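Have a look at the structure below before the remarks.
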Amino acid sequence: METRSLALPWFGFALCAAISVASAASQPDAHTSAQATRQQDTQARDTAKRHAQQWDLSVSEWNRYKQLQQGIDGYRSDKLDPITLLGMHARSRAERQKYARKLAHLEHDRVQRVLNFQKAYDQAWQKLYPNQQRVHADAMAKAMDAGQRDAQRLGLNRATRASVIVRTHGCDACRRTVQQLASSHTPMDIYVVDAGSDNAIRAWAKRIGLDPERVRAGDITLNHAPKRVAAQMAHASLPRVIR
């Protein structure tokens, strides 16, 4: 009986020691978890601040935009930019006007950059290939077409241009239309749906008598039609003239 009573205090001491060791071992894990949470919060705030600055918004405005994305309109229009979505959900007339001005300013600057790049591209081509007519690839054609439309809408380019979709084979109407527009000195962007190469477009332009100087000056542009447009117009009646 005495041996048994002497063993009990030792067992109790060992049990307390084991609990203390386990508690001490768990403390670093809790500290690490709290530190990781703080780091994640800091990274989230830094990311929100960076995105807000990119759109000339405050952090609170950016956070409101992210909240709006979770709503039904965000689901339906998940590709809306932050300023448009905030403007659509403006809480006052003054707020709506503020976002409208922001968007107009950004759009104006974007279009101006497109036009400036197009001008630089034209100058570079003229310097590098002075004796060749310019033919724009798919991506460049789409960018230039969008830029010209936006420029006209914003009043940055007051010249009335025509976008003309043509094919180079078996389309006398395409030839006649382009020649008539050229003879009336109408600036135009020609999009060819069936050309396999730049040289094929240049040969067609030469064959129908387009003035190479007007092409080099950018008054007339020669372009491969964007792939989606080319597919849609593959069997359509051409030409199509869009002003």
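The values are calculated or read from the model by the stated rules, or taken from the named source; none is laboratory data. Not measured: the values here are computed from a predicted model. Note that each Cβ is placed from the backbone with ideal geometry, even for glycine, and that neighbours are counted across all protein chains shown. Side chains included, ligands, DNA and RNA excluded: accessible areas come from the protein's heavy atoms. Shrake-Rupley method; radii C 1.70, N 1.55, O 1.52, S 1.80 Å.
Values as computed for the structure displayed
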read-out	value
Förster-model FRET efficiency, 22 Å R0, residue 70 and residue 49, C-beta, rounded to 0.05	0.60
Derived scalar couplings ³J(HN,Hα) [segment 115-128; Karplus, 6.51 cos²θ - 1.76 cosθ + 1.60; whole Hz; x for Gly, Pro]	5, 5, 5, 4, 5, 5, 5, 4, 5, 5, 4, 4, 6, 7
Amide hydrogen neighbours beyond the local backbone of residue 168, cut-off 5 Å, H modeled	193, 194
Most to least accessible of 65, 121 (protein chains only, probe 1.4 Å)	121, 65
With every protein chain in place, segment 170-230: carbon and sulfur % of accessible area (1.4 Å)	48
³J(HN,Hα) computed for each position of segment 46-60 - Karplus, 6.51 cos²θ - 1.76 cosθ + 1.60, integer Hz, glycine/proline x	5, 5, 4, 5, 5, 5, 4, 5, 4, 9, 6, 10, 7, 5, 5
Cα→Cβ-extended label distance, 7 Å offset, between residue 176 and residue 91, nm	6.4
Solvent-accessible heavy-atom area per residue, rounded to whole Å², over segment 187-243 at 1.4 Å	51
Solvent-accessible ranking of 51, 224, largest area first, probe 1.4 Å	51, 224
Area of residue 49 that stays accessible when all protein chains are in place (1.4 Å probe, Å², to 10)	110
In order through segment 229-239: 3J(HN,Hα) via Karplus (6.51 cos²θ - 1.76 cosθ + 1.60), integer Hz, x for Gly, Pro	5, 4, 5, 5, 9, 4, 10, 7, 6, 10, x
Förster radius 35 Å - calculated FRET efficiency between residue 124 and residue 242, Cβ distance, rounded to 0.05	0.80
